[in-house]
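Since the structure comes first, as structure tokens, the remarks are kept for the end.
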Amino acid sequence: MAEVKLQAPFTKETAKTLKAGDTVLITGTIIAARDAAHKAMTEALARGEKLPVDFTNQTIYYLGPSPAKPGHAIGSAGPTTSGRMDKYTPTMIDQGISGMIGKGYRSKEVMDYMLKNGVVYMVAVGGAAALISNCIKKYEVLAYPELGPEAVARLTVENFPAIVAIDCEGNNYYEEGQKPYKEI
């Protein structure tokens, strides 16, 4: 396990260098999108429409922020439970994403699809939403503004903290991290 400074967006080649258990500090831009946005994008693709954002090499943060206080880019910015996006994830991986950030477990189908496509899954600490918001320097709605906090948005981040939960080789830190405690 290593501490990695990561510039976003990043390629799948970079994603493949990350290992389960690595702590990362992300600087650059990531895309925020949650359940409603994923549903809207999946439905748009099914209708043959082009997405409003090019997701090639992007990292999606499963986020529905609270309103910003005066002088801040964003309000509380904690991760949403990732499993809620699992039914949409293969479609989004097909759009070229290189990473995802959320919290919690992923389905076997999603993990298999990640492995096949070289995509990394990172987690952010759910209880640290107010602290995470300090790492977000800019919040810009890109699509579906009618969805409010679930709109697709670009986040400019500086030293955004995350942990690699599932790497591109299929190693799962949720499983590996628990092993020492299960043997007691």
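The values are calculated or read from the model by the stated rules, or taken from the named source; none is laboratory data. A quick note: this is a predicted structure, and the numbers were derived from the prediction, not measured. So basically every Cβ, Gly included, is an ideal-geometry build from the backbone, and we count neighbours across all protein chains shown.
See the values below:
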quantity	calculated
Any hit, segment 26-39, residues being under 19 Å from P9 (Cβ atoms), without any contact (Cβ under 8 Å) to a residue 60 or more places away in the chain and assigned to a strand (DSSP E or B)	no
Scan of segment 108-136 for residues that are touching a Ser or Thr at 6+ places or on another chain (Cβ under 9 Å) and either exposed (fewer than 15 other Cβ atoms within 10 Å of the Cβ) or acidic (D, E) (or both), ordered by number	E109, G126, A130
Filtered residue count, segment 91-117, keeping only those that are in contact with a helix residue (DSSP H, G or I) (Cβ under 6 Å, 6 or more places away or on another chain) and free of Cβ contacts under 8 Å to residues at least 60 places away in the same chain	7
Positions within segment 17-65 being touching a helix residue (DSSP H, G or I) at 6+ places or on another chain (Cβ under 9 Å) and on the phi > 0 side of the Ramachandran plot, in sequence order	G21, N57
Residue count, segment 1-25 (criterion: assigned to a loop (DSSP other than H, G, I, E, B), touching a Gly at 6+ places or on another chain (Cβ under 9 Å) and not aromatic (F, W, Y))	7
Residue within segment 123-145 that is more than 30 Å from P67 (Cβ to Cβ), free of Cβ contacts under 8 Å to residues at least 60 places away in the same chain and touching a Gly at 6+ places or on another chain (Cβ under 7 Å) present	no
Where T59 falls short, out of the listed (1) over 15 Å from L155 (Cβ atoms); (2) crowded, with 21+ Cβ neighbours inside 10 Å	(1)
Answer residue from segment 40-81, given it is in a helix (DSSP H, G or I) and more than 19 Å from E140 (Cα to Cα) and is farthest from the chain's Cα centre (by Cα) among those	A46
From A20, A37, residue being surrounded by 15 or more Cβ atoms within 10 Å (Cβ to Cβ), over 18 Å from G118 (Cα atoms) and modelled with pLDDT of 95 or more	A37
Selection within segment 82-118 - part of a loop (DSSP other than H, G, I, E, B) and touching a Leu at 6+ places or on another chain (Cβ under 9 Å)	Q95
